[in-house]
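See below for the structure under consideration.
Throughout, read-outs are computed from the coordinates displayed, never taken from laboratory work. Small disclaimer: the values here were computed from a predicted structure and weren't measured. Cβ coordinates were reconstructed from backbone atoms using ideal geometry, including for glycine residues, and neighbour counts include every protein chain displayed.
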């Protein structure tokens, strides 16, 4: 059992993981306590050192990151198509207003 001390309180868990902005305690694979939005880790003390994040959470973050990258790429492609269509529509409107032809 590991122990984390914060603000005069002792929090126990089998594993205590330090993330970029949080500290989470796990027992039997279940989250038993969490401190999120941590900006000053010096307020916490732990017996020993922090544990590595669970492998499934790292893989989950990698998968989520890949999915976000794909979604952003799709959005960029859609925006480019929309931009091209808008340019064609504006050229057609300008053509109608000036009485000229844009397609030859």
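Note down the nm distance, to one decimal, between modelled labels 7 Å out along Cα→Cβ at residue 72 and at residue 90.
The modelled label-to-label distance comes out at 2.6 nm.
Calculated from the structure, Kirkwood radius over Cα pairs in Å equals which of (i) 14.2; (ii) 18.3; (iii) 14.8?
Here the calculated entry is (ii).
Roughly how many nanometres apart are two label points built 7 Å out from the Cα toward the Cβ at residue 33 and residue 47?
Going by the 7 Å Cα→Cβ label model, 1.2 nm.
To check my understanding: the extent here is largest minus smallest coordinate of the Cα atoms along each principal axis. What are those three numbers for segment 2-53, in Å, largest first?
Principal-axis extents of the Cα atoms in segment 2-53, largest first: 27, 21, 17 Å.
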